[in-house]
1. Restricting attention to the range 320-346, report how many residues are acidic (D, E) and under 20 Å from A357 (Cα atoms).
2. Can you tell me how many residues in the range 358-377 are modelled with pLDDT of 85 or more and assigned to a loop (DSSP other than H, G, I, E, B)?
3. Among the residues of the range 64-80, is any of a type in the set (S, T, Y), under 17 Å from E156 (Cα atoms) and not in a strand (DSSP E or B)?
4. Mind listing just one residue for me: the one in the range 139-175 that is aliphatic (A, V, I, L, M) and more than 28 Å from L101 (Cβ to Cβ) and, of those, surrounded by the fewest Cβ atoms within 10 Å (Cβ to Cβ)?
5. Would you confirm whether any residue within the range 98-113 is touching a Leu at 6+ places or on another chain (Cβ under 9 Å), closer than 19 Å to A187 by Cα, at pLDDT 90 or above and crowded, with 18+ Cβ neighbours inside 10 Å?
6. Condition check: of a type in the set (D, E, K, R), within 20 Å of C269 (Cα to Cα) and in the same structural domain as V78 (by TED's automatic domain parsing). Does E114 satisfy that?
7. Go through the range 91-132 residue by residue and tally those that are assigned to a strand (DSSP E or B) and free of Cβ contacts under 8 Å to residues at least 60 places away in the same chain.
8. Since I215 meets every condition but one in (1) more than 20 Å from V188 (Cβ to Cβ); (2) at pLDDT 90 or above; (3) in contact with a helix residue (DSSP H, G or I) (Cβ under 7 Å, 6 or more places away or on another chain); (4) not charged (D, E, K, R), which condition does it not meet?
Amino acid sequence: MVRKLRRLPKIVNRLYKKDEFYHQPGTIPGTIFIHEDSPPPIIFLIDYNQTNFIREQIATPEECIPYLEMESISWVDVQGLGSQDILQRLGHVFELHPLVLEDIVNVPERPKTEDYEDQLLFIARMVVPKEISCGFHSEQVSLILGKNYLLTVQEEPEHDCFEAVRSRIEKNKGIIRKQGADYLAYAVLDAIIDGFFPVLELYGERIEELEEEVIVKPTPQTLQNIYQIRRELLQLRRAIWPQRDAINSLIRDAPDLISEEVRIYLRDCYDHTVQVMDMVETYRELASGLMDVYLSAVSNKMNEIMKVLTVVSTIFIPLTFVAGIYGMNFNTEKSPYNMPELDWYWGYPLCLAVMAAIALGLLFFFWQRGWLQNSVTIKRN
């Protein structure tokens, strides 16, 4: 157990280093690095105004140009970072600063916001619960807000939480098609933040199950599950903590591309971020408390085992004493006091009866004292 606890700092260090990307010293600013396992990009375009709506998949970034020149709102969603050529052409079409393109491609990047006068960059972390196993999928999402467009770039095309936003645009629900691109950026960002709640709900259920398991029947696998939850909650904390600061920066610094009305909506998004942080911190404290409960439960289980062994030993000590006395080799012919019971007709049954009476008497004494009861119980609602 002590050895496993000593390994915890090493596990945390590996967690922080996992999937981290670092430029080589002296690398030119704006250098794009494409990971070998990155999927090829898929580009989707949604263009809308109050009366018209278009949703289609496009093959090249240049197909966005006619829509960018219109008065409608365009949402270009790029899913995948596996093509340097496509990404560079995308940067040319949207006139992205080289540092913006670098932040988009070189993942993972710390969530942040950058104001480039006519463009606003917001980097966020999106999480989606896994459908089969426990845990969650985590990926970086970059939002580039322009005057009449929003460009989003995701790491991979398999998971996202934007379908509700797409459905609202397509079905013209709410005020999203009456607002500008800044409101669309808020809607996407709000969907990213709200995506944390289903994940945290699953962790709440897992922690509740572990609490009962730790008390009733703790096993080494229970300890492994606690470690796993603590590592995953740490990942969630690292994802949501800087996003709170980034959203607060949007509200405080008031970029020109975000209207006063949308800034009010961002305050609600900020409140959701704070709520997510509180839930993450609460679950982390519960997971840490589970570790103490596990150690106490293991110690109590050992005490129960030692109590049973002690009771058994205590019962057999007087029986062994009686058996030892009558196992001594005294000659009854030499003296009438040399164990006269050896010559009794009912001597052996009487000896067994005395030994049984001693054992039952000790059990009754232990029962009256409450020493035979289990000290670890759990109440079920």
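1. Taking the range 320-346 as the starting set, the residues that turn out to be acidic (D, E) are 333, 341, 343.
Checking the rest, the ones that are also under 20 Å from A357 (Cα atoms) come to 341.
Result for the range 320-346: 1.
2. Residues that pass the stated criteria total 0.
3. Just the residues of the range 64-80 that are of a type in the set (S, T, Y), to begin with: 67, 72, 74.
Those left that are additionally under 17 Å from E156 (Cα atoms): none.
Among the residues of the range 64-80, not one is of a type in the set (S, T, Y), under 17 Å from E156 (Cα atoms) and not in a strand (DSSP E or B), which makes the answer no.
4. Kept after step one, since they are aliphatic (A, V, I, L, M), are these residues of the range 139-175: 141, 143-145, 150-151, 153, 164-165, 169, 175.
Next, only the ones that are more than 28 Å from L101 (Cβ to Cβ) stay: 164, 175.
Values: A164: 14, I175: 10.
The qualifying residue surrounded by the fewest Cβ atoms within 10 Å (Cβ to Cβ) is I175.
5. Yes.
6. Values: of a type in the set (D, E, K, R): yes; within 20 Å of C269 (Cα to Cα): yes; in the same structural domain as V78 (by TED's automatic domain parsing): yes.
For E114, the condition - of a type in the set (D, E, K, R), within 20 Å of C269 (Cα to Cα) and in the same structural domain as V78 (by TED's automatic domain parsing) - is met.
7. Looking only at that region, the number is 2.
8. So I215 meets the others, but not (2).
The values are calculated or read from the model by the stated rules, or taken from the named source; none is laboratory data. Keep in mind that this is a model prediction, so the values were computed, not measured. When we count neighbours, we look across all protein chains shown, and the Cβ atoms used for this are built from the backbone with ideal geometry, even at glycine.
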